[in-house]
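Reviewing the structure listed below.
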Amino acid sequence: MKNIITRFILLVFLNVLSLHSNAGIVDSLKTALGKADHDTTRCNILNALIENEEDDKVWPLYNDKVREISENNLKIIKDESVLRLFFLKNLAGSLNNTGYLAKFRGDIPKGLEYYHKSMKIYEQIGDRENVANTLNNIAFVYKEQGDTTKALAYFFKNLELYKQLDNKSGIAYSTNNIGITYADLGKLSEALKYYEMSLKVANELNNKKVIAYVLSNIGVVYQKQAQGADSELLEKALEYFKKSLNIREEIQDKRGMAISLQNISEATMEQGNINEAARYAERGLELSTELGYPDNIKRSSNVLSKIYTKTGNWKGAYQMQVLYQRMNDSLSNEKNRKIAIQKGFQYEYDKKVTADSIRALQARKVFDAQLKQEKTQRVALYFGIILIGLFGAFMVNRLKVSKRQNKLIETQKAELQRQKEIVEGHQKETLDSIHYARRIQTALISNSDFIAQHLTDSFIYFNPKDIVSGDFYWATEYNNKFYLAVCDSTGHGVPGAFMSLLNIGFLSEAIKEKNIQSPGKIFDYVRERLIDTISDGGQKDGMDGILLCIDRKNNTVEYAAANNEPVLIRNGQITILTKDKMPVGHGEIIRPFSSYLLTSLPGDILYLYTDGFADQFGGPKGKKYKYKQLDNLLLKNHHLPLQEQKQKVEMEFQTWKGDLEQVDDICVIGLRI
């Protein structure tokens, strides 16, 4: 039954999400942009348009608008407020995008100039993470230009900053990039040193994709050092290539598998094991062909051509050489296409300059025509009667033209109205699909009456940001125990709601099908299912949340907390309970969740909430509400009946938000245990 339900949920939401393909998302975002009434909202929508728009002539226009909005607001906002920080960060991001665009167009000096402008703002606002990312961008510009000295200098600055931030993922990538640069220079010992550093950190993070990548790079270094003659080094290279292949097969990184198979086939051929080399090369070609990457097919066919030549398989060698040449031509055409795109940008610029010149010429012609007209008017004094006749004929002709133009305008208006109705129809279909998704989500989220049966003295304040929500509350009774979850799924809107349904399904599966009773172990199971189902390449999809298990028989409450902590008020004193600082999903840290036991006393009130209320901007200075202020609000009103507490919480949120946009889903639950 569980599989049927899961497939049903996926089918409904895939239908909804199919309406949000890139074109659909862009159209929806454009509609939202037209309705946005605050510059913070406009910037967020424009940034989403930049991410989803694939046309390199269109997204820069959105980027320019982000820059314009940010600069205009920064002229007005002089105090060091949250809003000023917001617009500074958006300005830095738009400058970084301009740097990327300039580099893509081949204007390296301009690209570097804008990267440095962006980095200066990030340094000013203390955003060291983005300073490190920009240093990495600058390093790659110099590397692509062949200036490895400057590239290394910026890679080392990038590495030092990641070390200060204790960003282990960044350290792993940075040391690997330094290793690659040293390898390009032929400094293989230095390359090996930094690859080993990268491998150590990747192992600590258990990032298997990076581990496999670095193992492969180390194998390449040993292969280069062997130079086809040192059998011991060649054997060592093979050892690393095979380790990399095993991991890539485990995580189903097919492109990585193809590269590993090619590495092994080349090294095995250098050893003289032709038959074994052929097996690996043929597997590599088969996988490369399945994936359709010309560079991988080119490499595999080249190796097989050499192998078949050595074994006297001339027909096979010829076929592989033909395939190699075809892939080489394909890659050359792709390179030429990119050059053509860059030339296209230059052509657009030249065309604009030409258009400006034409406009100037036309203006001159108008001026000359005016002079000629004045001369004609002087002559017309002697030929007044003839001029009147000509003017009359002209007016008759203009009347005919006006009629034709009016008819054309009416036709165009009708077409515009038809297009408007089509757009409105598509919009209605999209909204209808989302409303249907809301009904599904509402049906799966626990009914408040069901919760009230088990928690007679409680309140629920649930206020989604959009039609559907990433936050959810859910409850069930099983084996004489009552379970209550308050969780915040990754994202909000349609993506967040999709995640919430997966999370609800996995919670129910853990308790009712797998018969797991401990809240910590339930979260462990949900995390494992999420990683297996949707996480790919380290994506951090999942949820933060709290899961209670209330045992009325033994008068105990057991809970697990992922990034969110419960709040207990007992005898007028507030206590922030313990939590695990990791999400239910793919995170920097993965260890078993703890289950905490809480013995309840008469009068105890427990509050569970997500981060939406605390993160809301508002008040007289447009700042975040924050957790401390929320906890003080709950403490101040805890003596009131719980339904009156709900009214106080809701009133406080609306007053604080004022006219600003709601930034996230809200879920606050209070219960007397």
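Could we say that LYS365 is assigned to a helix (DSSP H, G or I) and at pLDDT below 50 here?
yes
Within the range 33-51, count every residue that is part of a helix (DSSP H, G or I) and open to solvent by less than 40 Å² (accessible area, probe 1.4 Å).
Matching residues across the range 33-51 total 8.
Test of understanding: among LYS512, LYS465, LYS521, which residue is charged (D, E, K, R), assigned to a helix (DSSP H, G or I) and touching a residue at least 60 places away in the same chain (Cβ under 8 Å)?
One residue alone meets the criteria, LYS521.
Given (1) farther than 14 Å from ILE546 by Cα; (2) free of Cβ contacts under 8 Å to residues at least 60 places away in the same chain, identify the lone condition not met by LEU501.
(2)
Would you confirm whether any residue within the range 57-79 is touching a residue at least 40 places away in the same chain (Cβ under 8 Å), surrounded by fewer than 17 Cβ atoms within 10 Å (Cβ to Cβ), in a helix (DSSP H, G or I) and out of contact with any Leu (no Cβ under 8 Å at 6 or more places or on another chain)?
Looking through the range 57-79, none of the residues is touching a residue at least 40 places away in the same chain (Cβ under 8 Å), surrounded by fewer than 17 Cβ atoms within 10 Å (Cβ to Cβ), in a helix (DSSP H, G or I) and out of contact with any Leu (no Cβ under 8 Å at 6 or more places or on another chain).
Step by step: first the residues of the range 467-492, then only those that are open to solvent by 10 Å² or more (accessible area, probe 1.4 Å) and closer than 27 Å to ASN44 by Cβ, then the one that is modelled with the lowest pLDDT. Which residue is that?
The residue in question is HIS492.
In the range 554-571, which residues are out of contact with any Gly (no Cβ under 9 Å at 6 or more places or on another chain), assigned to a loop (DSSP other than H, G, I, E, B) and open to solvent by 30 Å² or more (accessible area, probe 1.4 Å)?
ASN554, ASN555, GLU565
From the list GLU113, GLU144, which residue is modelled with pLDDT under 90, under 24 Å from PRO60 (Cα atoms), among the charged types (D, E, K, R) and open to solvent by 50 Å² or more (accessible area, probe 1.4 Å)?
On inspection, the qualifying residue turns out to be GLU144.
Based on what the data block shows, is TYR154 modelled with pLDDT of 90 or more, in a helix (DSSP H, G or I) and over 23 Å from ASN207 (Cα atoms)?
Yes.
Does VAL468 fit the bill of being in contact with a Leu (Cβ under 9 Å, 6 or more places away or on another chain), among the aliphatic types (A, V, I, L, M) and farther than 17 Å from ALA560 by Cα?
no
Exactly one of these conditions fails for GLY542: (1) open to solvent by 10 Å² or more (accessible area, probe 1.4 Å); (2) in contact with a strand residue (DSSP E or B) (Cβ under 7 Å, 6 or more places away or on another chain); (3) under 30 Å from ASP253 (Cβ atoms); (4) not hydroxyl-bearing (Ser, Thr, Tyr). Give me its number.
Unmet condition: (1).
Pairs only if they're at least six apart or on different chains, beta carbon under 8 angstrom, first in the range 248-275 and within 15 Å of ILE297 (Cβ to Cβ), second modelled with pLDDT of 90 or more and outside any helix (DSSP H, G or I); list them, first residue then second.
No pair meets every condition.
Which one is surrounded by the fewest Cβ atoms within 10 Å (Cβ to Cβ), of the residues in the range 502-521 that are more than 17 Å from GLU477 (Cβ to Cβ) and modelled with pLDDT of 85 or more?
Filtering first and then ranking leaves LYS521.
Out of (1) over 25 Å from GLY520 (Cα atoms); (2) more than 27 Å from the chain's Cα centre (by Cα), the odd one out for PRO464 is which?
(2)
Give me the strands (runs of 3 or more DSSP E) completely within the range 572-635, filtered to those with at least 2 residues that are open to solvent by less than 10 Å² (accessible area, probe 1.4 Å), ordered by residue number.
Counting at least 2 such residues, we get 605-609.
Across the range 290-320, what is the number of residues that are at pLDDT below 80 and outside any helix (DSSP H, G or I)?
1
Determine whether PRO495 is open to solvent by 10 Å² or more (accessible area, probe 1.4 Å) and farther than 27 Å from LYS646 by Cβ.
yes
Give me a count of the residues in the range 194-230 that are in a helix (DSSP H, G or I) and free of Cβ contacts under 8 Å to residues at least 12 places away in the same chain.
2
Yes or no: GLY106 open to solvent by less than 70 Å² (accessible area, probe 1.4 Å) and part of a helix (DSSP H, G or I)?
no
In this structure, does LYS428 turn out to be at pLDDT 90 or above, more than 16 Å from TYR609 (Cβ to Cβ) and surrounded by fewer than 18 Cβ atoms within 10 Å (Cβ to Cβ)?
No; evaluated as a whole, the condition is false for this residue.
Select from the range 249-275 the residues that are more than 22 Å from GLN225 (Cβ to Cβ) and in a helix (DSSP H, G or I) and list them in ascending order.
Scanning the range 249-275 gives GLU249, GLU250, ILE251, LYS254, ARG255, GLY256, MET257, ALA258, ILE274, ASN275.
May I ask you to list pairs of residues, at least six apart or on different chains, whose Cβ atoms are under 8 Å apart, with the first in the range 92-110 being at positive phi and the second being modelled with pLDDT under 90 and open to solvent by less than 20 Å² (accessible area, probe 1.4 Å)?
Nothing qualifies.
Report, by residue number, each residue of the range 111-170 that is among the small types (Gly, Ala, Ser) and within 16 Å of SER94 (Cα to Cα).
Correct list: GLY111, SER118.
Among the β-branched types (Val, Ile, Thr), under 25 Å from VAL58 (Cβ atoms) and open to solvent by less than 40 Å² (accessible area, probe 1.4 Å) - does that describe any residue in the range 124-131?
No: the range 124-131 contains no residue that is among the β-branched types (Val, Ile, Thr), under 25 Å from VAL58 (Cβ atoms) and open to solvent by less than 40 Å² (accessible area, probe 1.4 Å).
Being more than 32 Å from the chain's Cα centre (by Cα), surrounded by fewer than 23 Cβ atoms within 10 Å (Cβ to Cβ) and either modelled with pLDDT of 90 or more or not hydrophobic (A, V, I, L, M, F, W, C) (or both), is that true of even one residue in the range 239-249?
yes
The values are calculated or read from the model by the stated rules, or taken from the named source; none is laboratory data. These figures come from a predicted structure and were not determined experimentally. Methodologically, a virtual Cβ is constructed for each residue, glycine included, from the backbone with ideal geometry; neighbour enumeration extends over all protein chains shown. Surface areas here come from the heavy atoms of the whole protein model, side chains and all, with no ligands, DNA or RNA. Shrake-Rupley method; radii C 1.70, N 1.55, O 1.52, S 1.80 Å.
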